[in-house]
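The values are calculated or read from the model by the stated rules, or taken from the named source; none is laboratory data. Model, not experiment: these values are computed from the prediction. Here the Cβ is made from the backbone with ideal geometry for all residues, glycine too, and neighbour counts use every protein chain on show.
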Amino acid sequence: MHKIFLGCIADDFTGASDLANNLVRAGMRVVQAIGVPTSPLSADVDAVVVALKSRTIAPQDAIAQSLAALSWLQAQGAQQIYFKYCSTFDSTAQGNIGPVTEALMDALGTDFTIATPAFPDNNRTVFKGYLFAGDMLLNESGMQNHPLTPMLDANLVRVLQAQTRRVVGLVDYTAVGHSTTAIAERIQKLKAAGVGVAIVDAISNEDLMRLGPALKGMPLVTAGSGVAIGLPQNFGIAPSAQASALPEAQGWQAVVSGSCSLATNAQVQAFITAGRPALAVDPLRMASGIDVAAEALAWAAPLLQSGPVLVYSTAASAAIKAVQETLGVQEAGALVERTLAAIATGLVALGVRQLIVAGGETSGACVQALGIAQLQIGPQIAPGVPWCYCVPPRSALRVLPAPQGGRASLGAARRLAASGIHITLKSGNFGGNDFFTDAFKMLA
Ligand code: ADP
């Protein structure tokens, strides 16, 4: 059996891709598993990221899922475990960063680990234990108003100490800015003083590259995705184009967008302005029982042969509020997700093999509907967003006859039925304005 070097556990879905993307850029060959796999790894890779949805669930559930992921990763030979959370250290009053870290330490029989969400490429820096988002302290950055995980204190030593029985300390910038040796010495001192978890300062990629070697052999690392850039070197791996190589792209191209973030709204507008075909789907028509998915597929089928199409529920905040007031927040979200997932599977059945999905929850729904269990991570499209390749169950890949024009020849249909899908899962705020067109150009 091939043994992996790094076994990663991510507490959400698009965050898992973000981590995988950084590992690939540092030279590792990576697959992302959707949930804890039920069978051994078949691919020959250096790291696996198990994507959980454990950020805001009850701590005991997050612990149980994380330990299941740990067992599976250990069975694949993982030499080091990486627990990945958000670069804004998103946690509820109970955790789950502290409780999951503690449970993983217990299971691994280790008495020391680090914790740092620093990700300078995305403007998340930690200095003297305080987390900054851009130029603002975390608790002044807007994160104090987050609906699920409001962050009211930027001092991560205090935040983490409230979530764990272990003593929390700090590897401060004096050591991190100096050298790997200074970091290693600081870690030894903290261990001797009984510290179990140390927040680590880092304000640049150079800091993370100095930190990497100091983490060699540490059974558990906990961090955002930033620390990943300094770890592959510990396993003798250097950046290479090979790591992100994916099979050749096939089939038609489409975008399904359920994200309503400012960035995604701008991306939808840019796609329309570029003269590409785009269809808005209306949640109120879905709620009235109309088969909006079938309508969208009938619209898309004859257009696919002329280039990428977009189906979107993306809307500005006033329109969403109006829909939510009529249908309820949860109901509206679930209804739109179900419909977009049906559209994504329908598009694949029409021969789409290059698919962009915009929105974290929307991505979850589409990946689930397509029956995707594993994603091979490819080249970066935008920071935090890679192209991925997957081979869903054959039933999802069956190419159905299209009403007119949109159908490939019988031979091409057979080839498509045997080919996987290039897919990218774009979390709401990621990507530049032309993401929907630029992404496909990369596969050409
Ligand atoms: P993001 O990554 O931007 O947060 P998500 O897909 O995670 O995007 O979340 C967007 C949520 O909004 C989903 O639950 C989606 O179904 C819902 N949604 C999308 N469009 C609409 C709309 N027009 N009206 C109401 N809810 C919508």
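Restricting the search to the stretch 248-265, which residues are surrounded by fewer than 15 Cβ atoms within 10 Å (Cβ to Cβ) and either within 11 Å of the ligand (Cβ to nearest atom) or assigned to a helix (DSSP H, G or I) (or both)?
Passing the criteria: only Leu262.
Residue by residue, here is whether (1) within 12 Å of Ile199 (Cβ to Cβ); (2) at pLDDT below 95; (3) crowded, with 19+ Cβ neighbours inside 10 Å holds:
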position	(1), (2), (3)
Met143	no, yes, yes
His146	no, yes, no
Met151	no, yes, yes
Gln161	yes, no, no
Arg165	no, no, no
Val168	yes, no, yes
Tyr173	yes, no, no
Val176	yes, no, yes
Thr180	no, no, no
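Taking the criterion of being within 18 Å of Ala278 (Cβ to Cβ), assigned to a helix (DSSP H, G or I) and more than 8 Å from the ligand (Cβ to nearest atom), would at least one residue in the stretch 329-341 satisfy it?
yes
For the stretch 113-134, state whether one or more residues are over 21 Å from Ile229 (Cα atoms), surrounded by 18 or more Cβ atoms within 10 Å (Cβ to Cβ) and in contact with a Pro (Cβ under 9 Å, 6 or more places away or on another chain).
Checking the stretch 113-134: not a single residue is over 21 Å from Ile229 (Cα atoms), surrounded by 18 or more Cβ atoms within 10 Å (Cβ to Cβ) and in contact with a Pro (Cβ under 9 Å, 6 or more places away or on another chain).
Only one of (1) touching a strand residue (DSSP E or B) at 6+ places or on another chain (Cβ under 9 Å); (2) surrounded by fewer than 24 Cβ atoms within 10 Å (Cβ to Cβ); (3) small (Gly, Ala, Ser); (4) farther than 18 Å from Leu443 by Cβ is not met by Ala382, so which one is it?
(4)
Taking the condition part of a helix (DSSP H, G or I), more than 16 Å from the ligand (Cβ to nearest atom) and under 25 Å from Ala444 (Cβ atoms), does Gln269 pass?
When the stated conditions are applied, Gln269 does not pass them.
Taking the stretch 346-360 only, how many residues are away from the ligand (no atom under 16 Å from the Cβ) and farther than 16 Å from Gln250 by Cα?
Qualifying residue count, the stretch 346-360: 1.
Any chance the stretch 234-241 includes a residue that's surrounded by 21 or more Cβ atoms within 10 Å (Cβ to Cβ), aliphatic (A, V, I, L, M) and in a loop (DSSP other than H, G, I, E, B)?
Our first condition is that a residue be surrounded by 21 or more Cβ atoms within 10 Å (Cβ to Cβ); within the stretch 234-241, this holds for none.
Within the stretch 234-241 (the criterion being surrounded by 21 or more Cβ atoms within 10 Å (Cβ to Cβ), aliphatic (A, V, I, L, M) and in a loop (DSSP other than H, G, I, E, B)), the answer is no, since none of the residues qualifies.
Find the residue count for the stretch 5-52, including only residues that are within 17 Å of Gln233 (Cβ to Cβ) and charged (D, E, K, R).
3
What are the residue pairs meeting all of these: first residue in the stretch 154-165, first residue in the same structural domain as Pro117 (by TED's automatic domain parsing) and within 16 Å of Ser141 (Cα to Cα), second residue at pLDDT 95 or above and of a type in the set (Ser, Thr, Tyr), Cβ atoms under 9 Å, and 6 or more apart or on different chains?
Filtered contacts from the stretch 154-165: Ala154/Tyr130; Asn155/Tyr130; Leu156/Thr116; Leu156/Tyr130.
Hey, can you tell me all the residues within the stretch 278-327 that are more than 12 Å from the ligand (Cβ to nearest atom), under 28 Å from the mean Cα position of the chain (by Cα) and not hydrophobic (A, V, I, L, M, F, W, C)?
Gly307, Pro308
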